[in-house]
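The values are calculated or read from the model by the stated rules, or taken from the named source; none is laboratory data. Keep in mind it's a predicted model, so treat the numbers as computed, not measured. We place every Cβ from the backbone using ideal geometry, glycine too, and count neighbours over all the protein chains shown.
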There are 2 protein chains.
Amino acid sequence: MTTNQNDYAGFYRGKNVLITGGLGCLGSHVAIDLVHLGANVTVIDSCHPLFGANYNNLESVRDDVNVNVCDIRDADAMNHLVQGKDVLFHIGMQTSHVDSMTEPFWDIDVNCRGNMVVYEAVRHNNLDCHVVYAGTRGQYGVLDTIPVDETHRMQPTDIYGVNKVAAEGYGLVYHRAYGMKFTSLRVNNCYGPRHQMRHAKYGILNWFIRLAMDGGSIKLYGDGGQKRDYNYVDDATDAFLRAGSRPDACDGEAFNLGSGVPRTLREATEMVIEYAGSGSYELVPWPEERKVIETGDYVADFTKFTKATGWKPLTTMEEGLAKTVEFYKEHRSLYW
Amino acid sequence: MTTNQNDYAGFYRGKNVLITGGLGCLGSHVAIDLVHLGANVTVIDSCHPLFGANYNNLESVRDDVNVNVCDIRDADAMNHLVQGKDVLFHIGMQTSHVDSMTEPFWDIDVNCRGNMVVYEAVRHNNLDCHVVYAGTRGQYGVLDTIPVDETHRMQPTDIYGVNKVAAEGYGLVYHRAYGMKFTSLRVNNCYGPRHQMRHAKYGILNWFIRLAMDGGSIKLYGDGGQKRDYNYVDDATDAFLRAGSRPDACDGEAFNLGSGVPRTLREATEMVIEYAGSGSYELVPWPEERKVIETGDYVADFTKFTKATGWKPLTTMEEGLAKTVEFYKEHRSLYW
């Protein structure tokens, strides 16, 4: 953790916190920080083979975290598990853009119905619980203007993006209708240690890091010129912890995260290769299934969240890539 | 039909057209006009007891329409029925705001999963079919500015609104990804003959017409000052027929409908009472379940659709209310 936790160091001590997707990358980072901050942490994970659950992610806090394997669509489990919790970091979902296109009914079932199971559980069992939801920049889809702020309309290019808009929308409706404490953080491209490295379906930068570390060739579609806004996972974690500690400033709101330093995919790839110390890249034509869901440049305006909570990304891409490569060099066998 | 059909009189002759929700108000109007225009019309309706299906709606064209009772969630049926169709007017859905709040999983199942069944049917069986989808002004929810144009962000206040955004989003994604011909018309408050008159769950103005015709008292919440934008059903029907005939101008787009003459609910109610020749109204406090999903004033900017197709609403509220009252006086026993 590189960021300053003083702003919420006291808040989480003794708090009961639930994290969905807690064996994944962002979820486990949030869990580990919360243990260090003195919270009582329960982690939910579906352990779906694609979704990136890895028990090694929580190795350092294994004795201090309650791990509960279940699907968010399991209403009985969710109704039970939300009870007595002060904050729910709701991070566990289906997150593959391509899978949402090939399996749209599955995506609807997890990301629409499943999210409703979570909100209904909170609504009926524990309205004191603050839900901090992991939204995505994919909700915006095709942009009219960049940088994009939270008032921009949403034109998602894939079913995943549509259903993430819906899932955030349900939360905002439940906030308004039932007083459910709800905050959405629209996460941009997040990368760093503990991310799954076994397939390319999500976490493009982490996948490129693996390819480079393996000495492979990274294929960039088109000219690789599309801009993206990358956040190192520590900065995203800090954003979630800030939001969770500040319902006074965040409740009922959606916020962009962002880096302030957008880069083209080609620039980012060149940096990955530099920090990995191996690998290469080549430009290839767009595959059809990717081209149709490509959104073009994405640059976030995250001033709303900075004003609300003081959050700023503090890890440069150079630092983030160096730390990520170092982590996977040390723990390669657990993630490859 | 008061509007000028010359713009599409030739287009529909001999065309094969499918209409979901075709036994309901808007669906039956579209069906009847299409029969008169020489189209081969198949109507789908779930005949769900709440949804407003009424065989009397198609009485005048009973021998010229194929009525197929099935749910849009019936994938086998939909896969079969879309084949060979030139246009699909997709109007049949769950449309109660309040029911979407009390039965959110049902709303997700019909309006998210059910719509996906329809689009998947078209995608896999008949990509030549132009889908004209009935969206809603409820997608916008809370407005930043009025009049609202199509670039306004969407902040729905109920689960119905969220899921209508999703259902439109799926269509636009399928247009982009698979070339499905898709047009969304965001319908505002529609009223007129053939609407169900048995409950208040949808079609507020029609419900007020019934109350007034029965000599009852219409309860307006608050001061009744919220502005709404009403369209007589003939004008909405004309909009759908125009859109269906102009994929060149409408494909891949979403359009607002609107009246150009917004009125407060109180003004509209006073007109209803005047044209019904009976009834009264009283102001009552907002019931909680309605207050939480109330969106405030709604006024549509529909210039985009006028530019694309030449559509303009032609029926004044005075004419529309007079015709509606006349219709229900004649056919009261079939709708009460």
Next on the checklist: So for region A:51-70 (the condition being within 15 Å of A:Arg194 (Cα to Cα), of a type outside the set (S, T, N, Q), in contact with a Gly (Cβ under 8 Å, 6 or more places away or on another chain) and at pLDDT 95 or above), does at least one residue qualify?
Outcome noted: yes
Checklist entry - So which residues in region A:138-147 are more than 14 Å from the chain's Cα centre (by Cα) and either under 18 Å from B:Val165 (Cα atoms) or surrounded by 23 or more Cβ atoms within 10 Å (Cβ to Cβ) (or both), if there are any at all? => result A:Tyr140, A:Gly141, A:Val142, A:Leu143
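Conditions tested, residue by residue: (1) buried (at least 18 other Cβ atoms within 10 Å of the Cβ); (2) more than 10 Å from chain A (Cβ to nearest Cβ); (3) under 25 Å from A:Tyr170 (Cα atoms); (4) within 19 Å of the chain's Cα centre (by Cα).
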site	(1), (2), (3), (4)
B:Leu81	yes, yes, no, no
B:His90	yes, yes, yes, yes
B:Ser100	yes, no, yes, yes
B:His124	no, yes, no, no
B:Val132	yes, yes, no, yes
B:Thr136	yes, yes, yes, yes
B:Asp149	no, yes, yes, yes
Next on the checklist: Residues that are in contact with a strand residue (DSSP E or B) (Cβ under 9 Å, 6 or more places away or on another chain) and at pLDDT below 95: does region A:80-93 have at least one?
Outcome noted: yes
Checklist entry - Which ones in region B:117-160 are under 25 Å from A:Thr145 (Cβ atoms), among the small types (Gly, Ala, Ser) and touching a His at 6+ places or on another chain (Cβ under 9 Å)? => result none
Checklist entry - Restricting the search to region A:280-292, which residues are touching a residue at least 40 places away in the same chain (Cβ under 8 Å) and either surrounded by 15 or more Cβ atoms within 10 Å (Cβ to Cβ) or not aliphatic (A, V, I, L, M) (or both)? => result A:Ser280, A:Tyr281, A:Glu282, A:Pro285, A:Trp286, A:Pro287, A:Glu289, A:Arg290, A:Lys291, A:Val292
Next on the checklist: Restricting to region B:151-194, give me the number of residues that are within 7 Å of chain A (Cβ to nearest Cβ) and of a type in the set (D, E, K, R).
Outcome noted: 3
Item to check | Single match in B:Gly277, B:Gly252, B:Gly310, B:Gly296 (criterion: modelled with pLDDT under 95 and surrounded by fewer than 20 Cβ atoms within 10 Å (Cβ to Cβ)) | outcome: B:Gly296
Checklist outcome for this item: Within region B:55-79, residues in contact with a strand residue (DSSP E or B) (Cβ under 8 Å, 6 or more places away or on another chain) and over 30 Å from A:Tyr170 (Cβ atoms) come out as B:Tyr55, B:Leu58, B:Val61, B:Asp64, B:Val65, B:Asn66, B:Val67, B:Asn68, B:Val69
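Within region A:104-120, can one find any residue that is away from every other protein chain (no Cβ under 14 Å), within 25 Å of B:Val117 (Cβ to Cβ) and buried (at least 16 other Cβ atoms within 10 Å of the Cβ)?
From region A:104-120, those away from every other protein chain (no Cβ under 14 Å) are none; that's our starting set.
No, region A:104-120 has no match at all.
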Checklist entry - How many residues are out of contact with any strand residue (DSSP E or B) (no Cβ under 8 Å at 6 or more places or on another chain), charged (D, E, K, R) and more than 27 Å from A:Arg242 (Cβ to Cβ) when one looks only at region A:267-321? => result 4
Checklist outcome for this item: Turns out the helices (runs of 4 or more DSSP H) fully within region B:1-119 with at least 2 residues that are β-branched (Val, Ile, Thr) are B:25-36, B:97-102
Item to check | Residue under evaluation B:Ser96, criteria (1) surrounded by fewer than 24 Cβ atoms within 10 Å (Cβ to Cβ); (2) modelled with pLDDT under 95; (3) of a type outside the set (Val, Ile, Thr); (4) in contact with a Ser or Thr (Cβ under 6 Å, 6 or more places away or on another chain), criterion not met | outcome: (4)
